[in-house]
Amino acid sequence: MRIVLEEKQLEGFPLRIGLSMRTVIDTHDRSGDKLTKVSTSQAAYSTPIYSDEWSSANELMQSLVSTNLQALSSLADPLLAAQKNPHE
């Protein structure tokens, strides 16, 4: 869906971050096609902004797991030593 605002409307009522709006959409004229008849194999618009999202998330996850394993290992070392030498 594309929303178009007239320039004079924007001058009188500028948009603000976090602005909420209430709209009314007139859909009484349903005479047009519902979908395009020709499909395309390529996206009309694309952005690379999310292309690295999974690799960054995986790196963060691996770092967190590694840090937690190191912390658990350092806690377990004294316990294991105490089990091996219970009289010390």
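Please treat every number below as a calculation from the coordinates, not as lab data. None of these values were measured; they are calculated from a predicted model. Note that we place each Cβ from the backbone using ideal geometry, even for glycine, and neighbour counts take in every protein chain shown.
How high is the FRET efficiency between residue 6 and residue 57 when r is their beta carbon distance and R₀ equals 41 Å, given to the nearest 0.05? Plugging the Cβ-Cβ distance into 1/(1 + (r/R0)^6) gives 0.50. Shape analysis of the range 1-46 places it in the oblate category; the axes a ≥ b ≥ c from the Cα gyration tensor give an a/c of at least 1.5, with a/b not above b/c.
Peptide packing: for 54-60, 38-44, the average count of neighbouring Cβ atoms within 10 Å per residue gives the ranking 54-60, 38-44, highest mean first. When a/c reaches 1.5 or more, the comparison of a/b and b/c decides; with that in mind, is the range 31-80 rounded, prolate or oblate per its Cα gyration tensor? Because a/c hits 1.5 or more and a/b exceeds b/c, the range 31-80 counts as prolate. Could you give the Stokes-Einstein D for the chain in µm² per second, using the C-alpha Kirkwood radius, 20 °C, 1.002 mPa s? D, rounded to a whole number, is 101 µm²/s.
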